[in-house]
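The values are calculated or read from the model by the stated rules, or taken from the named source; none is laboratory data. All figures in this text were calculated on a predicted structure; none of them were measured in a lab. Backbone-built Cβ (ideal geometry, glycine too); neighbour counts: all protein chains shown. Surface accessibility is based on the protein's heavy atoms, side chains included, excluding ligands, DNA and RNA. Shrake-Rupley method; radii C 1.70, N 1.55, O 1.52, S 1.80 Å.
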Amino acid sequence: MRGLFTAALVATMGMPPAWAGDAATPVVRAPAGMVSGITRDNADLFLGVPFAPPPVGQGRWQVSAPLASFPAPVQATAAHQGCSAPLSADADETVNEDCLYLNIYRPAGVDAHARLPVTIFIHGGGNQTGTPTIYDGTAFATRTRSIVVIPTYRLGVFGFLALGGTQARPQGDLALSDIISALKWTRTNIAAFGGDATGMTVAGESAGAADICDVIVAPAAHGLVTQAIMQSGFCPGRPSRAVMEGIGTATAQAAGCTGPDPLACLKRLPTQTLLSAWDKVWQQPTVTLKDGSTVSRPLFPITPSGAALQPRPVDEAIRAGATGSIPVLIGFNHDELRSFLAGYYPLSPARYHALLKQDYAGLAAELLKEYPLVAGQDPAYALAALRTDQMFICPALRAAAMLDGQAHVAVYEFADQTAPRFRSLAMKLPEVPGFDRGASHTAELPYLFGYKSVAGPLSSAQQVLSARMMDMWATFGRSGTTAPWPAWSTHNPEVTVLALPANGGIRVDHDVAARHHCGFWDQHPTIPDSLFP
């Protein structure tokens with residue numbers, strides 16, 4: 001593996017021309033070795049820094065470990081390609097498996113004595129897609145005088161494959177091992193970049209936020225972070241290892257690996273074949289278990305309960321105090337699922353009623369009372385509000401209630417409903433004339449981590465909100481409490497609403513649960529298997 005890593009490093013990055021450094025070439029001598037970067041927009045960028053050996057060849061489906069030392073100096077001047085993933089709305093398809101790299105952003109000229117706060121951002125993408133290259137930590141680092149680290153992690157079949165049998169077979173926790181390796185590498189090396197290894201925040205969005213919940217309860221990650229931020233993703237709802245093994249077995253069969261040693265067969269297959277087999281299985285609504293029974297397919301792949309790195313269910317671990325007392329910020333966007341459901345616009349009232357009867361047998365009449373149609377407003381907005389509350393906002397508040405008493409908890413709602421609309425980087429998505437996407441899923445990202453999948457820049461008022469949000473993210477929990485955010489509890493559910501001055505500005509709201517009908521959904525907590533009716 002060491003020889004393979006050396007060859008890969010030289011082939012993909014080459015050797016730097018000199019290591020004396022100059023004014024335009026920041027050089028860091030870290031415990032892992034020397035790293036050179038670039039200076040741009042008042043920031044030093046170290047792009048494509050390896051944090052673990054490449055999981056290729058016999059390393060495919062092996063648990064990762066932080067890289068102790070580089071085999072050669074690293075010229076970190078260009079972002080490395082992300083992990084293998086199919087074509088998505090964010091990025092092109094990639095079949096790259098040599099992908100365990102991270103990007104580091106810091107204010108220009110920082111030295112090793114600065115002890116700046118550190119934020120590690122875990123990207124979203126349903127644990128199936130996504131890459132650090134569609135984010136940029138420059139503005140956050142320079143605005144807050146802190147360090148931003150954005151790592152990759154294995155996705156889909158490479159990060160979440162689980163096969164029954166011996167402990168030597170993958171258990172669905174390889175992505176979690178990558179994230180933990182990135183955190184451990186960062187803790188060991190970040191002081192050389194000017195960071196404070198004793199004050200690391202881990203933040204994530206969507207599936208990345210769900211992965212963070214695994215991090216804060218996993219025994220192998222204990223003590224790695226001092227505060228956690230979960231954006232539009234949360235803790236409950238993990239599949240068992242048996243369910244993920246059912247998916248793994250079906251994937252092996254779809255790939256033609258039906259013999260007694262499916263892992264050996266799978267290791268011989270090309271990346272594209274594995275991506276296709278995995279995708280075929282995830283298109284099915286049910287999973288067949290080893291005993292022949294069937295269960296609903298999970299919404300997206302996630303580290304299963306019972307895996308080596310996640311030995312017990314997350315909710316059980318939280319109630320047992322696995323998180324310790326670290327501050328946890330949980331948040332959601334006001335209109336999470338509007339963009340996902342844009343294809344239903346325009347929607348007729350008759351079709352709205354039919355969808356409720358189809359997906360919510362026995363509850364349609366109650367739902368019509370909770371989400372009545374508004375004169376002059378398309379029913380698609382009522383449908384999106386209903387699904388948003390059910391699948392995002394109320395589960396997030398239930399997660400906050402689960403953490404309350406175990407950790408310091410704060411909650412926010414991002415409510416700038418004029419946020420720039422989503423723009424595909426990789427594929428053409430049809431524009432829906434007249435449809436208001438509001439504060440949809442991912443809408444907060446350009447205000448924080450330079451999300452590139454949006455159309456147009458922030459307005460002047462949005463730039464002010466962005467600056468406030470960066471400051472609030474960077475300082476969250478640094479005192480060991482939720483400050484500067486008000487603490488949330490089941491007895492005092494203070495939610496910080498993030499909006500433009502024209503819509504009330506940044507304020508504290510006690511009625512968020514009621515506005516989103518969580519009393520109803522808490523009585524019916526079952527989540528549909530699909531985002532779409």
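Looking for something assigned to a loop (DSSP other than H, G, I, E, B), in contact (Cβ under 8 Å) with a residue 12 or more places away in the chain, surrounded by 14 or more Cβ atoms within 10 Å (Cβ to Cβ) and touching a Lys or Arg at 6+ places or on another chain (Cβ under 8 Å) - is there at least one such residue anywhere in the range 462-481? Let's see the steps before the verdict.
Taking the range 462-481 as the starting set, the residues that turn out to be assigned to a loop (DSSP other than H, G, I, E, B) are 476-481.
In the following step, the residues that additionally are in contact (Cβ under 8 Å) with a residue 12 or more places away in the chain were identified as 476-478, 480-481.
Remaining after also requiring surrounded by 14 or more Cβ atoms within 10 Å (Cβ to Cβ): 476-478, 481.
With the extra rule that they be touching a Lys or Arg at 6+ places or on another chain (Cβ under 8 Å), the set shrinks to none.
Within the range 462-481, not a single residue is assigned to a loop (DSSP other than H, G, I, E, B), in contact (Cβ under 8 Å) with a residue 12 or more places away in the chain, surrounded by 14 or more Cβ atoms within 10 Å (Cβ to Cβ) and touching a Lys or Arg at 6+ places or on another chain (Cβ under 8 Å).
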**Q.** Sole residue being open to solvent by less than 20 Å² (accessible area, probe 1.4 Å) and under 19 Å from the mean Cα position of the chain (by Cα), chosen from L100, L163, L87, L116
**A.** L100
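Quick one: how many residues across the range 518-533 are without any contact (Cβ under 8 Å) to a residue 12 or more places away in the chain and open to solvent by less than 70 Å² (accessible area, probe 1.4 Å)? Working first, answer last.
So in the range 518-533, the residues without any contact (Cβ under 8 Å) to a residue 12 or more places away in the chain come out as 519, 523, 526.
Then drop every residue that is not open to solvent by less than 70 Å² (accessible area, probe 1.4 Å), which leaves 519.
Within the range 518-533, residues that are without any contact (Cβ under 8 Å) to a residue 12 or more places away in the chain and open to solvent by less than 70 Å² (accessible area, probe 1.4 Å) number 1.
Yes/no per residue for (1) under 30 Å from M200 (Cβ atoms); (2) touching a Gly at 6+ places or on another chain (Cβ under 7 Å); (3) modelled with pLDDT of 95 or more; (4) part of a helix (DSSP H, G or I):
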| residue | (1), (2), (3), (4) |
| --- | --- |
| I330 | yes, no, yes, no |
| Y352 | no, no, yes, yes |
| L355 | no, no, yes, yes |
| A365 | no, no, yes, yes |
| L373 | no, no, yes, no |
| R387 | no, no, yes, yes |
| A410 | yes, no, yes, no |
| D416 | yes, no, yes, no |
| L429 | no, no, no, no |
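Would you check if R154 is closer than 24 Å to P285 by Cβ and crowded, with 22+ Cβ neighbours inside 10 Å?
On the way: closer than 24 Å to P285 by Cβ: no; crowded, with 22+ Cβ neighbours inside 10 Å: yes.
For R154, the condition - closer than 24 Å to P285 by Cβ and crowded, with 22+ Cβ neighbours inside 10 Å - is not met.
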**Q.** Those residues of the range 170-205 which are part of a strand (DSSP E or B), in contact (Cβ under 8 Å) with a residue 60 or more places away in the chain and surrounded by fewer than 24 Cβ atoms within 10 Å (Cβ to Cβ), in sequence order
**A.** D196, A197, G199, M200
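Taking the residues in the range 218-250 that are among the aliphatic types (A, V, I, L, M) and part of a loop (DSSP other than H, G, I, E, B) as candidates, determine which candidate is nearest to T201 (Cα to Cα). Before you say what the answer is, go through the steps one by one.
If we filter the range 218-250 for residues that are among the aliphatic types (A, V, I, L, M), which is where we start, we get 218, 220-221, 224-225, 228-230, 242-244, 247, 250.
Restricting the remaining residues to those that are part of a loop (DSSP other than H, G, I, E, B) gives 218, 224-225.
Numbers: A218: 16, L224: 9, V225: 6 Å.
The extreme case among them is V225.
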Q: Kindly establish whether P433 is modelled with pLDDT under 95, open to solvent by 50 Å² or more (accessible area, probe 1.4 Å) and in a loop (DSSP other than H, G, I, E, B).
A: yes
(Q) Any residue in the range 361-373 that is within 17 Å of H516 (Cβ to Cβ) sitting within a Cβ distance under 6 Å of a residue that is assigned to a helix (DSSP H, G or I)? List the pairs, counting only those 6 or more apart or interchain. (A) L367/L356; E370/F520; Y371/A382; Y371/L386
Q.
Among the numbered criteria (1) part of a loop (DSSP other than H, G, I, E, B); (2) open to solvent by 10 Å² or more (accessible area, probe 1.4 Å); (3) not aromatic (F, W, Y), which one does Q253 miss?
A. (1)
**Q.** In the range 111-133, the residues that are out of contact with any helix residue (DSSP H, G or I) (no Cβ under 7 Å at 6 or more places or on another chain), in a loop (DSSP other than H, G, I, E, B) and in contact (Cβ under 8 Å) with a residue 60 or more places away in the chain
**A.** D111, H113, A114, R115, G130
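Would a scan of the range 389-399 turn up a residue that is in a helix (DSSP H, G or I), open to solvent by 30 Å² or more (accessible area, probe 1.4 Å) and out of contact with any strand residue (DSSP E or B) (no Cβ under 8 Å at 6 or more places or on another chain)? It would help to see each step written out before you state the result.
Here is the first cut: in the range 389-399, the ones in a helix (DSSP H, G or I) are 389-399.
Still in the list and also open to solvent by 30 Å² or more (accessible area, probe 1.4 Å): 398.
Keeping just the survivors that are out of contact with any strand residue (DSSP E or B) (no Cβ under 8 Å at 6 or more places or on another chain) gives 398.
Yes, that holds for at least one residue.
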Q. Residues in the range 221-236 that are at pLDDT below 95 and either surrounded by 18 or more Cβ atoms within 10 Å (Cβ to Cβ) or touching a strand residue (DSSP E or B) at 6+ places or on another chain (Cβ under 6 Å) (or both): how many?
A. 3
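Does at least one position in the range 491-502 carry a residue that is outside any loop (DSSP other than H, G, I, E, B), more than 30 Å from R297 (Cβ to Cβ), among the polar types (S, T, N, Q) and at pLDDT 95 or above?
Within the range 491-502, one or more residues are outside any loop (DSSP other than H, G, I, E, B), more than 30 Å from R297 (Cβ to Cβ), among the polar types (S, T, N, Q) and at pLDDT 95 or above.
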Q | Given (1) surrounded by fewer than 24 Cβ atoms within 10 Å (Cβ to Cβ); (2) among the hydrophobic types (A, V, I, L, M, F, W, C); (3) within 21 Å of the chain's Cα centre (by Cα), index of the condition F140 fails | A | (1)
Q: Considering every residue within the range 328-349, establish whether at least one is crowded, with 19+ Cβ neighbours inside 10 Å, in contact with a Phe, Trp or Tyr (Cβ under 9 Å, 6 or more places away or on another chain) and acidic (D, E).
A: yes
**Q.** Boolean, D98 is closer than 25 Å to S276 by Cα, in a loop (DSSP other than H, G, I, E, B) and of a type in the set (D, E, K, R)
**A.** yes
Q) Of the residues in the range 403-421, how many are touching a residue at least 60 places away in the same chain (Cβ under 8 Å) and either within 17 Å of the chain's Cα centre (by Cα) or buried (at least 22 other Cβ atoms within 10 Å of the Cβ) (or both)? A) 10
Q) Does the range 436-448 hold any residues that are closer than 15 Å to F422 by Cβ and not in a helix (DSSP H, G or I), and which are they? A) D436, R437, G438, A439, S440, H441, T442, A443, E444
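Kindly indicate which of K357, K428, K452 is over 23 Å from W521 (Cα atoms) and over 23 Å from the mean Cα position of the chain (by Cα). Full working, then the answer.
Values: K357 fails: over 23 Å from W521 (Cα atoms); K452 fails: over 23 Å from the mean Cα position of the chain (by Cα).
Every option except K428 fails the conditions.
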